[in-house]
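A quick write-up on the structure given underneath.
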Amino acid sequence: MAKDIDWANLGFGFSEVNCHVQAVWKDGAWGKLELVEKPYITMHIGASCLHYGQECFEGMKAFRQKDGKVAIFRPEENARRMIRTAIRTVMPPVPEEMFVEAAEMAVRENAEFVPPYGTGGSLYMRPLLIGTGPQIGVAPAKEYTFLMMVMPVGAYYKGGLKPVRAVILDDWDRAAPHGMGDVKVGGNYAASLFAHEKAKREGWPVELYLDAKEHKYIEEFSTSNFLGITKDGVYVTPDSHSVLPSITNMSLRQVAEDLGIKVEVRKIPYEEVRELAEVAALGTAVVITPVWEITRGSEVIKISDPEKVSDTLLKLYHTVQGIQYGEIPDTHGWCHTVEV
Ligand code: COI
């Protein structure tokens, strides 16, 4: 029940809400979006998502704004990215209008679970597209399920804006150069789980990946994109075919330009990390999480103060969150208001 939630101490985890939204694709067409109360689905034991990983997902957030309205941040961009992922994984794309309608329905039906303004929380939205038809030979399924699940969340990493340590574990890669790193499939996260758990056990909340071919260039963190701020104050982020095109990163590049910060999307050699003034992880879930230290083998690169977030990261963070919470004018039209 929403009234029992301790909003100020929400972590990032599953909790039950009123319902989720679901639709089924079969015989070549999408069926109606429907509200489903139970957080379970029944599927064939031969479903292609179970055997061949034919699935993808998205992550987005709805915010309770200063004036009491509820707004989803850039759902159209998530819809477009899910279409690109669906094409890459040979699934029927969910049309943008249907995706946005499902998002609106999920928010409307669960409005009481959108954390109150001022608590720092948001309603995390997890659109999911899975092959649910049986497929035993390797081929795309003939039936699919799309669903939109939501839950109230707080900070992804304990402490929110508190800087974290990261590690590069050269024995594991996240995504191959012509693999699926640039689309949002569960397999990319499965590929990182072993290293992710090892890193956590050994004291690093997040691991950073280099390009799989040469281990020469920075790619991204397991959970999020990489942002570096150079000593000259330039926003640098990797240009790579195997990095997920993060909507948070895309938005922050625009915010940076609006703030007069120069932006460069280019290859970042590992050695350059030693010269960076600041590093952060960027994503819907992690927002902007400063990274104060990066370890690779015996090298420990201290980037910034573990106790203090620099002015540039703070400015970027407060601007994007200010837009999301309706405190700063939404000049780019990023907030999609839902009548609740
Ligand atoms: C998100 O940022 O929404 C993601 O999907 C990443 C996941 C690690 C939580």
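I need to check one value: relative contact order of the range 1-70, counting alpha carbon pairs closer than 8 Å and at least 6 residues apart, in percent.
The value is 18 percent.
Which chymotrypsin sites (Phe, Trp or Tyr not before Pro) in the range 34-82 pass both tests, a DSSP loop state and at most 13 other beta-carbon atoms within 10 Å?
Those satisfying the criteria are TYR40.
Which aspartates and glutamates does LYS162 reach when only Cα atoms under 20 Å apart count, and residues fewer than 8 places away in its own chain are ignored?
The reachable aspartates and glutamates, counting only those whose Cα sits under 20 Å from LYS162, are GLU202, GLU207, GLU220, GLU278, GLU293, ASP305, GLU307, ASP311.
Tell me what the chain gives for mean residue ellipticity at 222 nm when only DSSP H runs of n ≥ 4 count, each as -39,500 (n - 2.57), the sum divided by the residue total, rounded to 500 deg cm²/dmol.
After summing the helix terms and dividing by residue count, I get -7000 deg cm²/dmol.
Any chance you could count the Lys pairs in the range 164-309 whose alpha carbons are under 20 Å apart, treating pairs 8 or more apart or on different chains as valid?
8
Explain nothing, just the number: relative contact order of the range 164-309, from Cα pairs under 8 Å at least 6 residues apart, as a whole percent.
With pairs under 8 Å counted, the relative contact order is 26 percent.
Expressed as a rounded percentage, what relative contact order does the chain have, with Cα pairs under 8 Å and six or more residues apart?
Relative contact order here is 19 percent.
Trypsin sites (Lys or Arg not before Pro), restricted to the range 111-178: which are DSSP loop and have at most 15 other Cβ atoms within 10 Å?
Answer by residue number: LYS142, LYS158.
Please give the Cα centre distance for the range 200-220 versus the range 63-109, rounded to the nearest Å.
One Cα centre to the other: 30 Å.
Please give the net charge around GLY133, taking every other residue with its beta carbon less than 9 angstrom from that of GLY133, where Lys and Arg add +1 and Asp and Glu add -1. Can you show the working numbers first?
Numbers: positive: LYS26, LYS142; negative: GLU143.
Taking every other residue near GLY133 into account, the sum is +1.
Sort the chain into rounded, prolate or oblate with this rule: let a ≥ b ≥ c be the square roots of the eigenvalues of the Cα gyration tensor; rounded if a/c is under 1.5, and if a/c is not under 1.5, prolate when a/b is larger than b/c, oblate otherwise.
Taking the square roots of the gyration eigenvalues as a ≥ b ≥ c, the chain is oblate.
Bear in mind that the values in this text are calculations on the coordinates, not laboratory data. This is a predicted model, so every value here is computed, not measured. Note: ideal-geometry Cβ built from the backbone for every residue, glycine included; neighbour counts use all protein chains shown.
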